[in-house]
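Remarks on the structure that follows.
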């Protein structure tokens, strides 16, 4: 008998909690808003505090006999064709680490696309796993990376047959998708599991005009951020499992090892509600959003100085295998400015925040929540940006290396270099030294420098000119990059 997707176990349990007038002598200490600062209540609203209850001994009893979370996870797994689903309130940054540790262990190898998010690198540092890097498919003309090919993963496994599995990021924050079925086949022919970091793909299972979703493509574990392209709250994440290559109890144990013992029920509720919304209305909502995205893309393309990247730009031999149209990626080179300066101008003059920005692009992320009103406001701002572009010209230029020059040699394990004795050296003296820190332009959060890589002049010039142009490096010890943290000599 099929599951009842009219249910939302977490939301239903919250309603019962309030109807029963439960009184908790437990955390959280605000006690249903009674102890909260009135100024916080005025800004946040009481609903936030009313929904913030203890998971066990509040939302459910102390032995979880109501199976509230378990039933919500079963419904999510059913909705997306997975065997098992796990909710996380620590974002996909935690979920992907749990997935990695369920596939491999310290001292072993994992095949990883070099376009991975910094959370993957953090997982390598914490675990002591040795990465076997797979190069993205570089578009050297547009200076953008697309997911690695199945052939590249096949080559990596041929050269490192002892690797425990593989990890690929798809779709990228720019909307390009990998050949997941091909990569899964490469892994499974060797009996190895595939992890897909699909943080930007929560919507993919719910409309057949979007790129293939990881579970349907044969992946073993998939990590998805419900807050990015879905209706969940920030930090709401799920990871899905199928097949028999990974023990579900092992994956649950790894998540328990890393996760919080005080999960926020509001995040569970957001995930639960999103699943019900998508099962019941997802095709209609996403279909309408796809039509809106198509119209918006056409309108932006008509603005002087703007080019909207589409499937014809991103897909093809040696490029991406699929394309998600919801990240509206705009190349603004012809405006004579950078994405950094354009993003600052849009926020300062129109209170519009760009999704991504780099040396030549800005991106506006559309979802099923957008409508004619939000996109009209975006278009008005972009027309104004084009009209005022001369005010933004003469922006500092970023010296972007070739794909070959962007890659550095990994001479020490990320973990070893990160925890080694380190020194702060002037950036002018850092060439040839071994990095002891991650250096990551954010967004989108893909490290340019990893601990254990030997620093080169082209990469250092890219980062220093980037900072001058407006690049943000949140994880560098010196965000202005006057100095770089390196492994101490001797």
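The values are calculated or read from the model by the stated rules, or taken from the named source; none is laboratory data. Fair warning: this is a prediction, and the values are worked out from it, not measured in the lab. Note that we place each Cβ from the backbone using ideal geometry, even for glycine, and neighbour counts take in every protein chain shown.
A Cβ distance below 7 Å, combined with a sequence gap of six or more or placement on separate chains, defines the contacts here; from segment 372-383, residues that are under 14 Å from residue 303 (Cβ atoms) reach residues that are outside any helix (DSSP H, G or I) in the pairs 378/352; 378/364; 381/352; 382/303; 382/306; 383/303. Within segment 158-172, the set of residues being surrounded by fewer than 22 Cβ atoms within 10 Å (Cβ to Cβ) and either touching a residue at least 40 places away in the same chain (Cβ under 8 Å) or under 23 Å from the mean Cα position of the chain (by Cα) (or both) comprises 160, 162, 164. Scanning segment 245-262 for residues that are under 22 Å from the mean Cα position of the chain (by Cα) and either assigned by TED's automatic domain parsing to the domain that holds residue 17 or farther than 18 Å from residue 74 by Cβ (or both) yields 254, 256, 257, 258, 259, 260.
Is it true that residue 364 is at pLDDT 95 or above and buried (at least 20 other Cβ atoms within 10 Å of the Cβ)? Taking the combined requirement at face value, the residue satisfies it.
Could you please give the count of residues in segment 143-158 that are closer than 19 Å to residue 359 by Cα and in contact with a strand residue (DSSP E or B) (Cβ under 7 Å, 6 or more places away or on another chain)? Residues flagged as closer than 19 Å to residue 359 by Cα and in contact with a strand residue (DSSP E or B) (Cβ under 7 Å, 6 or more places away or on another chain) within segment 143-158 amount to 2. Within segment 297-309, restricting attention to residues that are without any contact (Cβ under 8 Å) to a residue 24 or more places away in the chain and surrounded by fewer than 16 Cβ atoms within 10 Å (Cβ to Cβ), the residue that is farthest from residue 149 (Cα to Cα) is 302. Where helices (runs of 4 or more DSSP H) fall wholly inside segment 6-67, the ranges with 2 or more residues that are closer than 21 Å to residue 274 by Cβ are 9-19, 46-50. A count restricted to segment 320-330 and to residues that are under 19 Å from residue 353 (Cα atoms) and in contact with a helix residue (DSSP H, G or I) (Cβ under 8 Å, 6 or more places away or on another chain) stands at 4. One residue alone among 469, 477 is at negative phi, touching a helix residue (DSSP H, G or I) at 6+ places or on another chain (Cβ under 6 Å) and surrounded by fewer than 22 Cβ atoms within 10 Å (Cβ to Cβ), and that residue is 469. Among the residues of segment 75-113, those that are crowded, with 20+ Cβ neighbours inside 10 Å and part of a loop (DSSP other than H, G, I, E, B) comprise 80, 82, 89, 104.
So that you can scan it fast, the table gives a plain yes or no per residue for (1) touching a helix residue (DSSP H, G or I) at 6+ places or on another chain (Cβ under 6 Å); (2) touching a residue at least 12 places away in the same chain (Cβ under 8 Å); (3) in a loop (DSSP other than H, G, I, E, B); (4) surrounded by fewer than 19 Cβ atoms within 10 Å (Cβ to Cβ):
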| site | (1), (2), (3), (4) |
| --- | --- |
| 266 | no, yes, no, no |
| 289 | no, yes, no, no |
| 313 | no, yes, no, no |
| 318 | no, yes, yes, yes |
| 347 | no, no, no, yes |
| 353 | yes, no, yes, yes |
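Looking across segment 182-204, the residues that are within 18 Å of the chain's Cα centre (by Cα) and either at pLDDT below 95 or in a loop (DSSP other than H, G, I, E, B) (or both) come down to 198, 199, 200, 201, 202, 203.
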